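Written out below as structure tokens is the structure these notes cover.
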Amino acid sequence: MKQSENTKIETQFIQGGKNPKNQDGYVNPPVQRGSTILFERAEDLYNDDLRSYGLEGSVTHDNLTDLLSQTMGGAGCVLTPSGLNAITLVLLATLKSGDHILVSDSIYGPNRRFCDLVLKGFGVETTYYPPRISDKIEEFIKPNTKLIFLESPGSLTLEIQDVPAIVKVAQKHNIITAIDDTWSAGVFMQPLKIGVDISIQALTKYQGGHSDVLLGSVVCKDITLHNKMVAMHKNLGLGVSPEEVWLCLRGIRSMMLRIKHQDMAARKMAQYMQTRPEITQVIHPALEDSEDYAIWSRDFTGAGGLFSVYLKPELSDKVNTMLNSYQIFSMGFSWGGFESLVIDCTPQLRRNFPNKEQKGALVRYAIGLENIDDLIADLERGFEALKV
């Protein structure tokens with residue numbers, strides 16, 4: 001549906017990605033399933049401008065890709081079966097043997113694994129850089145550097161990167177930039193509008209919103225890069241279920257209400273954590289005493305529901321006791337759904353530039369939609385368990 005350029009993103013998520021006039025008046029678009037597409041004319045069988053097979057999507061998929069392109073300010077969007085698959089699609093579409101990639105040291109673990117195992121086997125060299133390096137990233141650039149991969153904030157340890165500064169250096173050297181922007185859901189920061197070339201989302205998280213969708217997206221700033229993603233997507237034989245796409249469209253309609261509440265709740269709980277003697281550090285970039293607050297407040301308009309804490313080192317061997325005592329917080333590796341989750345991140349930490357000051361267990365909380373007082377009472381239950 002046509003909208004003014006000044007239409008707010010909340011309205012775009014409600015009004016976009018549907019056309020009731022072509023849906024018999026129904027508010028929601030249909031789920032269009034299929035593998036085989038029939039042609040009326042033999043001349044159209046090999047027409048590259050036409051959709052030819054189910055792997056290329058359907059009208060259901062178009063509704064979501066159009067909406068994501070519109071809200072993120074991109075030239076085009078492709079959907080993938082997961083957020084990780086969105087990451088690997090970008091890496092495979094932009095790199096070849098002999099190339100060099102710069103990757104933030106705070107990157108999502110499976111992304112690091114793919115770089116260290118798969119890309120290395122393909123002859124691509126990966127260098128990890130300190131996430132807060134800003135424009136000094138220029139010192140890490142080599143003649144064959146083709147891609148800088150950002151994630152802001154970083155996975156688990158939540159460092160905020162100076163994205164505009166890194167983008168400026170990348171543009172100077174004609175290097176592509178890509179960012180995993182799942183934490184902000186593409187709404188609290190809009191990376192394409194501040195110069196990043198490729199924005200990656202795990203739609204599994206806030207967009208799906210109900211812990212029942214596996215889906216990813218890649219939105220590119222210009223059509224040339226988008227066409228590269230489309231070509232690699234086709235060559236890899238990737239396909240996305242229309243049911244997953246429809247569920248994601250449904251989730252997006254309420255996403256802004258959910259994520260704003262989760263943001264508010266997470267900030268309150270992070271502030272509560274700062275009062276606890278069991279905690280040595282709360283890692284939440286929206287807290288005013290955070291090391292990253294200045295850059296976060298410049299580049300972001302919100303923070304979502306995810307933050308981490310360090311336990312006192314002498315309590316780290318009791319972290320499982322604390323987690324097992326929770327009655328509301330469940331243990332699981334995702335986030336962005338309606339339920340609150342918690343994990344001990346310490347076994348996942350792989351860093352070339354570790355935080356040497358922190359020796360205690362790193363615990364990540366994903367705040368859902370439960371009553372805040374009940375969640376705080378559950379945290380207190382966990383702290384009581386540490387005393388046993």
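The values are calculated or read from the model by the stated rules, or taken from the named source; none is laboratory data. Just so it is clear, the structure is predicted and the values come from calculations on it, not from any experiment. Using ideal geometry, Cβ is built from the backbone for each residue, glycine included, and neighbour counts are taken over all protein chains shown.
Couple of notes before you dig in:
- Taken residue by residue, the stretch 75-83 has no member that is assigned to a helix (DSSP H, G or I), polar (S, T, N, Q) and under 22 Å from the mean Cα position of the chain (by Cα).
- Test: residue in the stretch 265-273 that is under 29 Å from SER69 (Cβ atoms), touching a residue at least 24 places away in the same chain (Cβ under 8 Å) and in a helix (DSSP H, G or I): yes
- Residues that are out of contact with any Asp or Glu (no Cβ under 7 Å at 6 or more places or on another chain) and part of a helix (DSSP H, G or I) within the stretch 376-388 comprise ILE376, ALA377, ASP378, LEU379, GLU380, ARG381, GLY382, GLU384, ALA385, listed in sequence order.
Yes/no per residue for (1) surrounded by fewer than 20 Cβ atoms within 10 Å (Cβ to Cβ); (2) free of Cβ contacts under 8 Å to residues at least 12 places away in the same chain; (3) not acidic (Asp, Glu):
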residue: VAL219; (1), (2), (3): no, no, yes
residue: ASP222; (1), (2), (3): yes, no, no
residue: HIS233; (1), (2), (3): no, no, yes
residue: GLY237; (1), (2), (3): yes, no, yes
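- Here the stretch 4-17 is the region considered, the condition is being assigned to a loop (DSSP other than H, G, I, E, B) and polar (S, T, N, Q), and the residue that is modelled with the highest pLDDT is THR7.
- Within the stretch 239-248, the set of residues being among the aliphatic types (A, V, I, L, M) and surrounded by fewer than 22 Cβ atoms within 10 Å (Cβ to Cβ) comprises just one member, LEU247.
- Any hit, the stretch 318-341, residues being among the charged types (D, E, K, R) and under 20 Å from the mean Cα position of the chain (by Cα): yes
- Qualifying residue in the stretch 18-30 (condition: part of a helix (DSSP H, G or I), free of Cβ contacts under 8 Å to residues at least 12 places away in the same chain, out of contact with any His (no Cβ under 8 Å at 6 or more places or on another chain) and among the charged types (D, E, K, R)): yes
- Within the stretch 167-189, considering residues that are under 25 Å from LEU306 (Cβ atoms) and without any contact (Cβ under 8 Å) to a residue 60 or more places away in the chain, the one farthest from the chain's Cα centre (by Cα): VAL167
- Selected residue [under 25 Å from LYS193 (Cβ atoms), surrounded by 15 or more Cβ atoms within 10 Å (Cβ to Cβ), small (Gly, Ala, Ser) and not assigned by TED's automatic domain parsing to the domain that holds THR182] from ALA286, ALA265: ALA286
- Residue match in the stretch 294-302 (condition: within 24 Å of GLY17 (Cα to Cα), over 21 Å from the mean Cα position of the chain (by Cα) and hydrophobic (A, V, I, L, M, F, W, C)): no
- Subset of the stretch 147-196 (residues that are over 17 Å from ILE133 (Cβ atoms) and among the aromatic types (Phe, Trp, Tyr)): TRP183, PHE188
- The criterion of being more than 28 Å from PRO110 (Cβ to Cβ) and either surrounded by 18 or more Cβ atoms within 10 Å (Cβ to Cβ) or not basic (Lys, Arg) (or both) does not hold for GLU339.
- Criterion: out of contact with any Asp or Glu (no Cβ under 7 Å at 6 or more places or on another chain), in contact (Cβ under 8 Å) with a residue 40 or more places away in the chain, in the same structural domain as LYS228 (by TED's automatic domain parsing) and in a helix (DSSP H, G or I) - qualifying residue of THR88, THR71: THR71
- Across the stretch 303-353, the number of residues qualifying as of a type in the set (Asp, Glu) and touching an Asp or Glu at 6+ places or on another chain (Cβ under 8 Å) comes to 1.
- Selection status of ILE175, outside the structural domain of ALA366 (by TED's automatic domain parsing) and either over 18 Å from ILE295 (Cα atoms) or aromatic (Phe, Trp, Tyr) (or both): yes
- Of the strands (runs of 3 or more DSSP E) lying entirely inside the stretch 304-375, those containing at least 2 residues that are over 30 Å from SER254 (Cβ atoms) and not acidic (Asp, Glu) are 306-311.
- Every condition in (1) under 16 Å from ALA178 (Cα atoms); (2) out of contact with any strand residue (DSSP E or B) (no Cβ under 6 Å at 6 or more places or on another chain); (3) assigned to a helix (DSSP H, G or I) is met by CYS115 except one, and the failing one is (2).
- When VAL78 is tested against the conditions (1) at pLDDT 95 or above; (2) surrounded by fewer than 20 Cβ atoms within 10 Å (Cβ to Cβ); (3) under 19 Å from GLY239 (Cα atoms), the lone failure is (2).
- Whichever residue in the stretch 190-210 is closer than 18 Å to ASP263 by Cα and surrounded by fewer than 24 Cβ atoms within 10 Å (Cβ to Cβ) and, among such residues, is farthest from the chain's Cα centre (by Cα): HIS210
- No other residue among MET322, MET331 is farther than 16 Å from LEU158 by Cα, surrounded by 22 or more Cβ atoms within 10 Å (Cβ to Cβ) and of a type in the set (A, V, I, L, M) apart from MET322.
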